[in-house]
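What follows is one structure encoded as C-alpha cells, with my remarks underneath.
The values are calculated or read from the model by the stated rules, or taken from the named source; none is laboratory data. Keep in mind it's a predicted model, so treat the numbers as computed, not measured. Counting neighbours? That spans all protein chains shown, and the Cβs are built from the backbone with ideal geometry, glycine included.
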Amino acid sequence: MRKSYWLFMITFALIFYVMGASFVEGFVNYRTWHLIGAGEFRAYHQALTPRVVIFLAVPGFSTLALTGILLWYRPSPIPQWSVWLSLALNLIVIIVTVTFQIPIQAELSRSGLSLPLLDRLILLDWLRKVPVTMNAILFLWMMSRVILKAEVT
C-alpha cells in the first residue's frame, strides 16, 4: 500500500478520535463541572488541563499538520479541494479555541468556578463542534471514495 494511503488512514482515524474526545469534553465534562464544589474546582481544573492538552489539543493540532501533508501526498481518489476544505474546518476550530476557549479555560484555572464563564464555554463550544463534525463527515466521504476506487480496481 502506498504511503499516501497510510497517511490518509492515520489522518482519518485521528479526525474521528478528535471528534470523539471533543464530544466527551464538551458534552460530558463541561456539563458536569457545575456539580464540582467551588472550593475544589480550581484544583480539579488545574489537574485536568494537562491531560486535555495531551489527549485532545495535541491530537487536534496534529490533524491540521497531517491534513496539510495530504495536499501533497493524498490518495488519487481524493480531490484536492476536499483537503483544502478540511484545512479550513481545522483552522476554524483552532481560531475558536485560541480566541475563546483558551482564555475562558485560563480564567477558570486562575479564578476557580464561575457559572457565567462555564455557560459561555459551553455555548461557544458549539463553534468548535460544528466544524469538527463537518470535518469528520468530509473524511467519511473521502474514505468512501478511496474504498469505491479500491473495489473497482
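Just checking, how many residues over the stretch 70-94 are over 14 Å from residue 138 (Cβ atoms) and out of contact with any helix residue (DSSP H, G or I) (no Cβ under 6 Å at 6 or more places or on another chain)?
3
Can you tell me which residue is farthest from residue 147 (Cα to Cα) among those in the stretch 1-15 that are in contact (Cβ under 8 Å) with a residue 60 or more places away in the chain and part of a helix (DSSP H, G or I)?
Only one residue tops the list, namely 15.
Quick one: which residue in 102, 137 is under 30 Å from residue 78 (Cβ atoms), out of contact with any Ser or Thr (no Cβ under 7 Å at 6 or more places or on another chain), modelled with pLDDT of 95 or more and of a type in the set (A, V, I, L, M, F, W, C)?
Result of the check over 102, 137: 137.
Of the residues 128, 145, 120, which single one is at pLDDT 95 or above, more than 20 Å from residue 7 (Cβ to Cβ), over 14 Å from the mean Cα position of the chain (by Cα) and part of a helix (DSSP H, G or I)?
Going through 128, 145, 120 in turn, the sole match is 120.
State the number of residues belonging to the stretch 49-69 that are within 13 Å of residue 7 (Cα to Cα), in contact with a helix residue (DSSP H, G or I) (Cβ under 9 Å, 6 or more places away or on another chain) and small (Gly, Ala, Ser).
Going through the stretch 49-69 one residue at a time, the tally reaches 2.
Evaluate the following for residue 151: is it modelled with pLDDT under 95, surrounded by fewer than 17 Cβ atoms within 10 Å (Cβ to Cβ) and of a type in the set (Asp, Glu)?
When the stated conditions are applied, residue 151 passes them.
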